[in-house]
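> One structure, as C-alpha cells, below. Some questions next.
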Amino acid sequence: MTRRLGTATATVVLLVLAGCGHSWDWKQADLDRNRLNLGLFRGADTGEKLGTWVRTGDLVAAEGSREGEDLAVVVRYERTVGDGWLGQQQKTEQRCYRFTPDGHGSEVEFGRTDCP
C-alpha cells in the first residue's frame, strides 16, 4: 500500500513538473469565459454588451451580434516576469484570446489569436 502511494505521488509530481497543466493565460481566459457565458445567459446580444462582462483581461475588440451570428470578443492578458538570473530584468508577456458563442449560442468557446 505504501509503495503504491509513493508511486502515485511520484507520478503526480512528474506530471506537474513536465508542465501538463494549463498555461497562465489559458487560466485567465477560462475565468473570463465563465463570465461571458453568464453574459450570454443574461442577454448580451452584441459584442459591445458581451465585452462588458470581461473582468480578468483587457477588452481589445468587440464585434457583431447574435442575429448576425458574427458575435466575437477579443481579450488581452498580460503578466510581467523576471528575465535572467534572479529576475533582474523585467519583461511583459501578452496573449490574446478570441471568444465566440458556440453553434447553439448558449456557451462561449475560446482560442488563442494574434493581438491587435
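The values are calculated or read from the model by the stated rules, or taken from the named source; none is laboratory data. Owing to the predicted nature of the structure, the values given are computational and were not obtained by experimental measurement. Please note: Cβ atoms are built from the backbone with ideal geometry, for glycine as well, and neighbour counts cover all protein chains shown.
> Please work out which residue is farthest from the chain's Cα centre (by Cα), limiting yourself to the stretch 86-116 and to residues that are polar (S, T, N, Q), exposed (fewer than 12 other Cβ atoms within 10 Å of the Cβ) and in a strand (DSSP E or B).
The extreme case among them is Gln89.
> Considering only residues that are farther than 14 Å from Glu109 by Cα, touching an Asp or Glu at 6+ places or on another chain (Cβ under 8 Å) and at pLDDT 95 or above, which ones fall in the stretch 57-72?
Answer for the stretch 57-72, where residues must be farther than 14 Å from Glu109 by Cα, touching an Asp or Glu at 6+ places or on another chain (Cβ under 8 Å) and at pLDDT 95 or above: Gly57, Asp58, Ala62, Glu63, Gly64.
> Another question about this same structure. If you go through the stretch 5-45 one residue at a time, how many are at pLDDT 95 or above, farther than 28 Å from Val81 by Cα and polar (S, T, N, Q)?
1
> Select from the stretch 70-93 the residues that are in contact (Cβ under 8 Å) with a residue 12 or more places away in the chain, closer than 30 Å to Gly43 by Cα and either touching a Pro at 6+ places or on another chain (Cβ under 8 Å) or not hydrophobic (A, V, I, L, M, F, W, C) (or both) and list them in ascending order.
Leu71, Val74, Arg76, Tyr77, Glu78
> Could you identify the single residue in Val75, Val54 that is of a type in the set (Val, Ile, Thr), at pLDDT 95 or above and part of a loop (DSSP other than H, G, I, E, B)? So that I can check it myself, show each step before the final result.
Working: Val75 fails: part of a loop (DSSP other than H, G, I, E, B).
Every option except Val54 fails the conditions.
> Here's another thing I want to ask about it. Out of all the residues in the stretch 17-29, is one or more part of a strand (DSSP E or B), of a type in the set (Asp, Glu) and surrounded by 11 or more Cβ atoms within 10 Å (Cβ to Cβ)? Before you say what the answer is, go through the steps one by one.
Going residue by residue through the stretch 17-29, those that are part of a strand (DSSP E or B) are none.
Checked against the condition, which is being part of a strand (DSSP E or B), of a type in the set (Asp, Glu) and surrounded by 11 or more Cβ atoms within 10 Å (Cβ to Cβ), the stretch 17-29 yields no hits at all.
> From the list Glu69, Glu63, Glu48, pick out the single residue that is touching a helix residue (DSSP H, G or I) at 6+ places or on another chain (Cβ under 9 Å) and of a type in the set (Asp, Glu). Spell out how you get there, then give the answer.
Numbers: Glu69 fails: touching a helix residue (DSSP H, G or I) at 6+ places or on another chain (Cβ under 9 Å); Glu48 fails: touching a helix residue (DSSP H, G or I) at 6+ places or on another chain (Cβ under 9 Å).
Being touching a helix residue (DSSP H, G or I) at 6+ places or on another chain (Cβ under 9 Å) and of a type in the set (Asp, Glu) holds for just one of Glu69, Glu63, Glu48, which is Glu63.
> Does Gly68 satisfy the condition of being of a type in the set (Gly, Ala, Ser) and under 24 Å from Trp24 (Cβ atoms)?
Working: of a type in the set (Gly, Ala, Ser): yes; under 24 Å from Trp24 (Cβ atoms): no.
Judged against the criteria, Gly68 is not a match.
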